[in-house]
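**Q** Take a look at this one; I'll ask things after.
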Amino acid sequence: MSIMDQDTPEEVLAEFKDSQLGGWGLLQITASTGLAVYAVWAGLLMPGFRRVPLKLQVPYLPASRKQVSNVMALLKGRAGGLTDLGSGDGRIVLTAYRLGFHPAVGYELNPWLVRLSYFHAWRAGLYGKVSYLRRDLWKVSLADCKNVTVFLAPSVLPLLQKKLLAELPEDAIVVAGRFPFPGWIPCRTEGEGVDQTWAYHIQAQRQGQPAEMGQPAERAQGL
Ligand SMILES: C[S@@+](CC[C@H](N)C(=O)[O-])C[C@H]1O[C@@H](n2cnc3c(N)ncnc32)[C@H](O)[C@@H]1O
């Protein structure tokens, strides 16, 4: 009797229990599961990343509401545009635009996320006001970026530090979420645990010292 002919779930289960799963069967199950996981990874989560070295690939993990508000708290008083490096579904860019950061731009390699970002912008009545560009963040020029936000992985931060130091204008500020930049001293920090965000004056990092940003650096570091 085949599984399709059986009536109750108990009978189907009994059939499975009785049947011996050989090495070949196990191999097939493992291979097809691996293939399915890879298809989801390559097709939905990481399309467009083929040319990015594996160690620089950062998966999509959207910032929480609290993380976004912590980022914006650190940028209070700043003016000009905002650039989110790896903008995901566009939430940071959208919030930044609402708070007066113009132009508000997101660089994102995943085309699905770029489309989703534009959908969110349209739904918010801000279509055409914000920009989501399908670009590799490692290849864009940051020479005009005054306010930069970064929610990436610790593995890519050292390389990103080099790019930021080399390209950002002297008065730029970088706000990092989830993970601080190694070796850099923030001028301010907001939130705790997974919601913590850190702000860095690029000029101070070039000079190797923390800068004032409306709050003493010692307080920001909890000293
Ligand atoms: C952890 S998510 C953060 C998303 C968004 N910034 C937020 O906070 O909600 C990182 C994003 O960076 C994108 N990303 C990773 N590497 C990239 C690259 N080289 N160029 C452009 N985007 C990249 C990923 O596709 C992902 O959407």
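Values quoted throughout were computed directly from the atomic coordinates according to the rules given, and no laboratory measurement underlies them. Source: prediction; values computed, not measured. Reconstructed Cβ throughout: ideal geometry from the backbone, glycine too, with neighbour counts over all protein chains shown.
**Q** Between the DSSP loop rule and a limit of at most 11 other Cβ atoms within 10 Å, which GluC sites (Glu not before Pro) in segment 136-199 are left?
**A** Of the GluC sites (Glu not before Pro), the ones in loops of segment 136-199 whose Cβ has at most 11 other Cβ atoms within 10 Å are 170, 192.
**Q** In segment 66-112, which trypsin sites (Lys or Arg not before Pro) fall in coil by DSSP and have 14 or fewer other Cβ atoms within 10 Å?
**A** Taking segment 66-112 and a limit of 14 other Cβ atoms within 10 Å, the loop trypsin sites (Lys or Arg not before Pro) found are 76.
**Q** Counting other Cβ atoms within 10 Å, which chymotrypsin sites (Phe, Trp or Tyr not before Pro) in segment 91-169 have at most 13 and lie in a DSSP loop?
**A** 127
**Q** Would you mind ranking 93, 58 by Cβ crowding within 10 Å, fewest neighbours first?
**A** Fewest-to-most Cβ neighbours within 10 Å comes out as 58, 93.
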